[in-house]
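Where a number appears in this text, it was derived from the coordinates with a stated rule and is not lab data. All values derive from a computational prediction rather than experimental measurement. Methodologically, a virtual Cβ is constructed for each residue, glycine included, from the backbone with ideal geometry; neighbour enumeration extends over all protein chains shown.
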Amino acid sequence: MLLEINPDNIDFRSINKAVEILKNGGIMIFPTDTVYSMGCDLKNKKALNNLAKLKDLKLSKANFSIICNDLSNLSEYVKHIERPVFKLLKHNLPGPFTFILNATTEVTKIFDSNKKEIGIRIPDNKIILSIVEILGNPIATTSLNNHEDSVTEYFADPKIIFEKFEKSVDLIIDGGYGKLEPSTIVDCTKEEPEIIRQGLGVLKS
């Protein structure tokens, strides 16, 4: 299914439809503030396994991030955040960043793994933030491309994405043309935050 949603004039009937699909275990492709991404309801184990399968991985080996709609519920998924790191998150989110933080045992349970870290995203995109807010919990997310693929037009143009993925996923949201640059990844698990992939986001300290 393809749903067109205007980020400047959001139709909440479409947002509710997307949430319903996620709650029923669906896999969704959606816009962010960088490239289009793929994801599912973090609390739905069957959907998580299906998302991992799409990447040819077992869930325990999948390196998914999670998208939250704000910083208020992070404590369920990440260990205590030191004040300087919390300030860094506040200065840069919502925005085109993935922050790697130390994960709680809840993350270990969710992903059936001994995952010690988790990537956190709060994209500056009203469509996905509205979906996550109404869903009531984060979504697990991964890139559309495999690491050996370069990020090309088919990760930015929703019509091309639909042609490529319509048989693989339950919902594709057309929220307009995406960007071709991924998020900046910042590792906050050590003493000093370290940029491990420079993407679209320019880090403000």
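Can you compute the helix-only [θ] at 222 nm over the chain? Use -39500 (n - 2.57) per DSSP H run of at least 4 residues, normalise by all residues, nearest 500 deg cm²/dmol.
Rounded to the nearest 500, it is -8000 deg cm²/dmol.
By a straight-distance test (C-alpha under 14 Å), which aspartates and glutamates pair with Lys53 as possible cross-link partners, with residues fewer than eight away in the same chain excluded?
Output for Lys53: empty list, no partners.
Using the C-alpha gyration tensor of the chain, what are the square roots of 5 times its eigenvalues, in whole angstrom, with the largest one first?
25, 19, 17
Quick check: the angle from helix 45-54's long axis to the longest principal axis of the chain, C-alpha only, nearest 10 degrees?
The helix 45-54 is inclined about 80 degrees to the chain.
With just the Cα atoms of region 19-64, tell me how far they stretch along each of the three principal axes, in Å, largest first.
So the extents along the principal axes, rounded to whole Å, are 27, 24, 14.
By a straight-distance test (C-alpha under 23 Å), which lysines pair with Lys190 as possible cross-link partners, with residues fewer than eight away in the same chain excluded?
Those lysines meeting the cut-off are Lys61, Lys79, Lys87, Lys90, Lys115, Lys116, Lys204.
If I model a spin label as a point 7 Å beyond the Cα along the Cα-Cβ vector, how far apart are those points for Tyr177 and Asp11 in nm?
2.3
Only counting other Cβ atoms within 10 Å, I'd like Phe111, Phe97, Phe86 sorted with the fewest neighbours first. Before the final figure, lay out each step's value.
Working: Phe111 22, Phe97 27, Phe86 14.
Lowest count first: Phe86, Phe111, Phe97.
Based only on other Cβ atoms within 10 Å, what is the fewest-to-most ordering of Val85, Val78, Val202?
Values: Val85 17, Val78 23, Val202 12.
Sorted ascending by nearby Cβ count, the order is Val202, Val85, Val78.
How would Tyr36, Tyr177, Tyr77 line up from fewest to most surrounding beta-carbon atoms within 10 angstrom?
Tyr177, Tyr77, Tyr36
If you fit an axis through the alpha-carbon atoms of helix 12-23 and take the longest principal axis of the Cα set of the chain, what angle between them do you get, 0 to 90°, nearest 10?
Taking Cα atoms only, the helix is inclined about 70 degrees.
Say each of Asp56 and Lys204 gets a label point 7 Å from the Cα, pointing the same way as Cα to Cβ; how far apart are those two points in nm?
That separation, rounded to one decimal, is 4.1 nm.
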